[in-house]
Every structure is written in C-alpha cells, then in structure tokens.
Amino acid sequence: MTADLRLRPVRDDDLPAFFSHEQDVEANWMAAFGPKDPTDRERFDAHWRRVRADERIVVRTAVVDGEVVGHVVAFPVDERTEVSYWIDPRRWGRGYATAALTALLRELPRRPVHARAAKDNRASLAVLRKCGFVVIGEDKGYADGRGAEVEEWVLELAAD
C-alpha cells in the first residue's frame, strides 16, 4: 500500500495540510511532544519558517497519489541527528510512516541516527523498529501534547 509514497521538499502549499494534521486530538496525545497549542497558526507558521530556513535540517513532505499525507524530518540535537515524523491520522495503519522514514534515512549519509518515542506510543515504536532502530535508553520530559511529564524511549539506528 506504500509503493506510491514519495518524498519531496516541503512547499508552501503543503503547510495547510500539515496544520490540518496537527488538529487531531488523538494524534497530539500520541505524539506527546508536539505543539503546545496546535490551533495557534501564527506559531505554526513561525515554526515552519525556522525549520525550512535551517540548512542543517532535512525535511520532506510525504505524498501519495499527489496528496500530502505527512512529513518527515531529520534535525540536529547537539552533536546527534534525530528524526521525527507526522502522518495524517486518517491514514494511520497503512505503512506510510515506515515508508516515509525509510526514504528519509536513505538521504542521511551519517550514522548513528537517533529518535524518541513516548513509551506508550506503540505505533511509533513499531515504525522505528521496522526501520532498524533499537532502544538504547530512556528519558522523560514535559510534553505539551499531554500537559504532563512523559517517559520516552531513546532509540538509535547504528552505523552499518
């Protein structure tokens, strides 16, 4: 079902779809570490201006049959590269997150790559494991999407 998924650079006309995807209450709960107020369009737009202007960040739009289904991103955290993704909740369970992350990882020449997932976000943990990530530790932090401190897994995709 994911054979038609393609990644491309983010365009201005992708942003309304991204914003719409973030309006889903369940998606924000699952992601946990999403925006403090998903309805704040000004903050959303400012965030995307920063992301797209930062040459160290690799961000791609995931498209299926010409429709935006989400995005994937690789970004620096100190000396490490971390990845994240957001798929339209209406399309969960179709393998799009796995396909999009797999395609992004092919663009990243440097390993290791790291990721984080709330400990109770089994779907995200499954995506990361399918892409070769393994749990290397745990952490916790305040999650705006839940308004509480959340425990998370720290994962790594090691060098080949």
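General observations
- Ala53 vs. criteria open to solvent by 20 Å² or more (accessible area, probe 1.4 Å), hydrophobic (A, V, I, L, M, F, W, C) and under 21 Å from Ser20 (Cα atoms): no
- Scanning region 131-147 for residues that are more than 27 Å from Gln23 (Cβ to Cβ) and either in a strand (DSSP E or B) or open to solvent by 50 Å² or more (accessible area, probe 1.4 Å) (or both) turns up Val134, Val135, Ile136, Gly137, Glu138, Asp139.
- Residue list for region 94-130, restricted to those being part of a loop (DSSP other than H, G, I, E, B), closer than 13 Å to Val58 by Cα and open to solvent by 30 Å² or more (accessible area, probe 1.4 Å): Pro109, Arg110
- Criterion (touching a Leu at 6+ places or on another chain (Cβ under 6 Å) and open to solvent by less than 90 Å² (accessible area, probe 1.4 Å)) met by exactly one of Arg60, Arg41: Arg60
- Condition check for Phe33: within 19 Å of Trp92 (Cβ to Cβ), touching a Phe, Trp or Tyr at 6+ places or on another chain (Cβ under 6 Å) and surrounded by 11 or more Cβ atoms within 10 Å (Cβ to Cβ): no
- One residue stands out among those in region 139-151 that are among the acidic types (Asp, Glu) and within 21 Å of Asp37 (Cα to Cα): the one that is farthest from the chain's Cα centre (by Cα), which is Glu149.
- Residue match in region 41-59 (condition: in contact with a helix residue (DSSP H, G or I) (Cβ under 9 Å, 6 or more places away or on another chain) and in a strand (DSSP E or B)): yes
- Number of positions in region 21-64 that are at pLDDT below 95 and among the hydroxyl-bearing types (Ser, Thr, Tyr): 1
The values are calculated or read from the model by the stated rules, or taken from the named source; none is laboratory data. What you see is a predicted model; the values in this text were computed from it and never measured. In this analysis, Cβ positions are derived from the backbone assuming ideal geometry, glycine residues included, and neighbour counts consider all displayed protein chains. Accessible surface is based on the protein model in full, side chains and every heavy atom, while ligands, DNA and RNA are left aside. Shrake-Rupley method; radii C 1.70, N 1.55, O 1.52, S 1.80 Å.
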